[in-house]
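See structure below.
The values are calculated or read from the model by the stated rules, or taken from the named source; none is laboratory data. Only a predicted model underlies this, so the values are computations on that prediction, with no experimental measurement involved. Every residue, glycine as well, gets a Cβ built from its backbone with ideal geometry; the counts of neighbours run over all protein chains shown.
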Amino acid sequence: MFRVPLLIALALSITFGVGILSTVSALKATVGFGAIALGPWIAFPNAQTADTDPYAKAHRARAGKLLYGGAEGLQFTATTDDSGETLNTACSYEISGLTPPARFWTLYTTTPTDMPLKATPDLPGGLNAWTVLRKADTSFVIHVSTTARPDNWIAVPRIGAFKLVLTLLDTPAAGSSGVIDLSMPKIVRTGCGNV
């Protein structure tokens, strides 16, 4: 007597559970379509525009983030270095070169789930266009490691994998189709272990 309703309830529970889990995993997997990769740096220029796809809108709503408008800014993330190896806090990295033209930019580290990293409150967790020390040709070298380095240094705690986030604010690249021609800073691993 209760067997048929019980089987129907079980089938519906499994169906809804699988549907919800697959939706959540799809939203975690991508910010949307239209990614542009410049070396290890990846950006989604259309993610914050009215023309964005439904997945990007759902991802933004689920994360609770307000993204920059089409001409306000552009955010690049890197999870690997220039050789394709995953960024890991057990290693040291050197970020060098120039950023694309922008009125202001920031560079900081996050966990793979986008939580900002900070070794301790008194150590530098990020740099920006106003605080970075530059060479005579306006290029820079930024060290990312768990141990102190001279000049520009971003401290990271030993947690394993991490991301670099470079945000360009008030940049002509955000509103143009010439994003592919941009020159991004290089990310080079300089050592692993106790170096």
Quick one: in the range 135-155, which of the residues that are within 23 Å of the chain's Cα centre (by Cα), in a loop (DSSP other than H, G, I, E, B) and β-branched (Val, Ile, Thr) is nearest to residue 87 (Cα to Cα)? 146
Please verify whether the range 71-90 includes one or more residues that are in contact with a Leu (Cβ under 9 Å, 6 or more places away or on another chain), at pLDDT below 80 and not polar (S, T, N, Q). yes
Which residue, of 8, 42, is modelled with pLDDT of 65 or more and within 30 Å of residue 76 (Cβ to Cβ)? 42
Determine whether the range 111-130 contains at least one residue that is in a loop (DSSP other than H, G, I, E, B), at pLDDT 90 or above and hydrophobic (A, V, I, L, M, F, W, C). yes
Against the conditions (1) at positive phi; (2) modelled with pLDDT of 80 or more, where does residue 32 fall short? Just the number, please. (2)
May I ask you to verify whether residue 193 is surrounded by fewer than 17 Cβ atoms within 10 Å (Cβ to Cβ) and either farther than 28 Å from residue 35 by Cβ or under 16 Å from the mean Cα position of the chain (by Cα) (or both)? yes
The listed residue being touching a Gly at 6+ places or on another chain (Cβ under 6 Å) and either surrounded by 15 or more Cβ atoms within 10 Å (Cβ to Cβ) or touching a residue at least 60 places away in the same chain (Cβ under 8 Å) (or both), out of 92, 83: 92
Just for the range 95-114: of the residues that are touching a Gly at 6+ places or on another chain (Cβ under 8 Å) and within 15 Å of residue 156 (Cα to Cα), which one is surrounded by the fewest Cβ atoms within 10 Å (Cβ to Cβ)? 108
